Amino acid sequence: MTDTLSEQLISWRRELHQHPELSNHEFATTERITAWLKQADIRVLPFALKTGVVVEIGQGEPLIALRADIDALPIEEATAQPFASKNPGVMHACGHDVHTSVMLGVAYQLKALEKNLKGRVRILFQPAEETFNGAQQLIDAGALEGVQAIFGMHNAPDLPLGTLKTRGGAFYANVDRFEINIQGKGAHAARPHEGIDSVVIGSQIVTTLQTLASRIYSSQESVVVSVTRFTAGNTWNVLPQSVELEGTVRTHNEAIRREIPERIRTLINGIAGGFGATATLNWQPGPPALVNTPQWADFALSVARETGYQTEVATPQMGGEDFAIYLHHVPGAFVSIGSASSFGLHHPSFDPNEAIIDPAVAYFTELAQRALDQVQQQNNKSSL
């Protein structure tokens, strides 16, 4: 990669960082990305998208895809960088500006190699990853049609620069959300016997929910149940009529994922009913577990080693990624690349090292070319 392109990618990354936009509102971001791609005469595909852009490089078959996410988070930045966010309360606190810059660099590199590509590379600049509905938008628009393998990345602030991890099979967890509403009976705090104490009931539910992971399922299974919001009352001397709980359930086991809502419903009904109260569950399923195709995960690690990365086989992560939805349609692999930030993802001081960009561009440029070769070989074998 030329020094000029390297400097340009840093400049673009900083411009994106200064102008972050929330999920499904990435209008200016989409305009910037599209303009930068058109500068290199990169073919923009005419998909009906509110935000986001899809481009394609090369001709003929086979067809593989790469993905970057472009949205930001509702977080007030605290990095003190000269290119810090200019949009109050909005920040690229997950590094999607870095991911976008990487794939812009890959698009430019592949465009320079276009005559020698043995097929097509489709690059998805996807909106709304943080709200877990962007991948499905692109799928519904047809962005996966004909794609035979897909690859993506996330920066990992806890990993040093030059390190890449992935694994075959389950990598990231599903992301499901729940809300529990408890209806008791309000009363004066000095006369609790005249009411039905929804705070006590809610507290018992919070504690008992933890037995799903510790007693209901094997300790060898990855199950996390976290209550993240407990809302009750508005004054100090009144027992509130109702309590609201909110939280998330994560697992890599699809069978467990399917049965947990009913387990929770049975548990909360039993506890609330024992006090004479009622409890209702609102279950909001998010993206499924991200399950890498073993063959493509091994391939991704092999290419990483050959392009200079220190590689590791990752342990399963409990975070979520809507890239998982793509992998339910086509095979592929998702990788983590070290960005060496002192602060983690979604932190106001998250500050990835921009030195992640150049090696990642070189990696995905090589991976795309090699993946086209690999898919072509598979196609030839299947036609024999």
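The values are calculated or read from the model by the stated rules, or taken from the named source; none is laboratory data. Model, not experiment: these values are computed from the prediction. Here Cβ is always computed from backbone atoms with ideal geometry, including for glycine, and neighbour counts include all displayed protein chains. For accessibility, only protein heavy atoms count, side chains too; no ligands or nucleic acids. Shrake-Rupley method; radii C 1.70, N 1.55, O 1.52, S 1.80 Å.
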key: Test: Gly146 is surrounded by 15 or more Cβ atoms within 10 Å (Cβ to Cβ) and touching a strand residue (DSSP E or B) at 6+ places or on another chain (Cβ under 6 Å)   = no
Pick from the range 11-25, criterion surrounded by 17 or more Cβ atoms within 10 Å (Cβ to Cβ) and closer than 14 Å to Asp358 by Cβ, ranking: nearest to the chain's Cα centre (by Cα) = Arg13
task = For residues that are polar (S, T, N, Q) and assigned to a helix (DSSP H, G or I), scanning just the range 1-13, find the one that is nearest to Glu366 (Cα to Cα).
result = Ser6
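Go over the candidates Val44, Val54 one by one and state the one that is among the hydrophobic types (A, V, I, L, M, F, W, C), under 19 Å from the mean Cα position of the chain (by Cα) and either under 19 Å from Asp140 (Cα atoms) or surrounded by 20 or more Cβ atoms within 10 Å (Cβ to Cβ) (or both). I'd like the intermediate steps shown before the answer.
Details: Val44 fails: under 19 Å from the mean Cα position of the chain (by Cα).
It is Val54.
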key: Within the range 31-64, tally of residues that are within 12 Å of Val121 (Cβ to Cβ), assigned to a loop (DSSP other than H, G, I, E, B) and among the small types (Gly, Ala, Ser)   = 1
query = Are any residues in the range 302-319 surrounded by fewer than 16 Cβ atoms within 10 Å (Cβ to Cβ) and touching a helix residue (DSSP H, G or I) at 6+ places or on another chain (Cβ under 7 Å), and if so, which ones?
reply = Gly308
query = Is it the case that Arg257 is open to solvent by 30 Å² or more (accessible area, probe 1.4 Å), under 29 Å from Gly152 (Cβ atoms) and of a type in the set (Lys, Arg)?
reply = yes
ask   = If you go through the range 96-106 one residue at a time, do you hit one that is open to solvent by 10 Å² or more (accessible area, probe 1.4 Å) and either farther than 23 Å from Ala135 by Cα or under 25 Å from the mean Cα position of the chain (by Cα) (or both)?
value = no
message = Restricting to the range 355-384, and then to whatever is open to solvent by 50 Å² or more (accessible area, probe 1.4 Å) and of a type in the set (Ser, Thr, Tyr), can you tell me which residue is modelled with the highest pLDDT?
response = Ser382
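Here is a check on your reading of the model: is Leu16 modelled with pLDDT of 95 or more, in contact with an Asp or Glu (Cβ under 9 Å, 6 or more places away or on another chain), closer than 29 Å to Glu145 by Cβ and not in a loop (DSSP other than H, G, I, E, B)?
In short, yes.
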ask   = Are any residues in the range 168-199 of a type outside the set (A, V, I, L, M, F, W, C), within 21 Å of Leu239 (Cα to Cα) and crowded, with 20+ Cβ neighbours inside 10 Å, and if so, which ones?
value = Gly184, Asp197, Ser198
message = Considering only the range 133-147, I want to know if a residue exists there that is modelled with pLDDT under 95, within 25 Å of Ala314 (Cβ to Cβ), assigned to a loop (DSSP other than H, G, I, E, B) and of a type outside the set (Asp, Glu).
response = no
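How many residues, within the range 335-384, are among the aliphatic types (A, V, I, L, M) and part of a helix (DSSP H, G or I)? I'd like the intermediate steps shown before the answer.
Initial filter on the range 335-384 (among the aliphatic types (A, V, I, L, M)): 335, 337, 340, 345, 355-357, 360-362, 367-368, 371-372, 375, 384.
Add one more test, that the residue is part of a helix (DSSP H, G or I), and what stays is 355-357, 360-362, 367-368, 371-372, 375.
Final tally of qualifying residues: 11.
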query = Does Phe299 satisfy the condition of being modelled with pLDDT of 95 or more and surrounded by 23 or more Cβ atoms within 10 Å (Cβ to Cβ)?
reply = no
query = Given the structure, is Ala28 open to solvent by 20 Å² or more (accessible area, probe 1.4 Å), more than 26 Å from Glu366 (Cα to Cα) and free of Cβ contacts under 8 Å to residues at least 12 places away in the same chain?
reply = yes
inquiry  = I need every pair where a residue in the range 65-92 that is among the aromatic types (Phe, Trp, Tyr) has its Cβ under 6 Å from the Cβ of a residue that is open to solvent by less than 10 Å² (accessible area, probe 1.4 Å), sequence separation at least 6 or different chains.
reply    = Phe83/His17
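Looking at the structure I just gave you, is Ala324 modelled with pLDDT of 95 or more, open to solvent by 30 Å² or more (accessible area, probe 1.4 Å) and under 30 Å from Val90 (Cβ atoms)?
Values: modelled with pLDDT of 95 or more: yes; open to solvent by 30 Å² or more (accessible area, probe 1.4 Å): no; under 30 Å from Val90 (Cβ atoms): yes.
No; evaluated as a whole, the condition is false for this residue.
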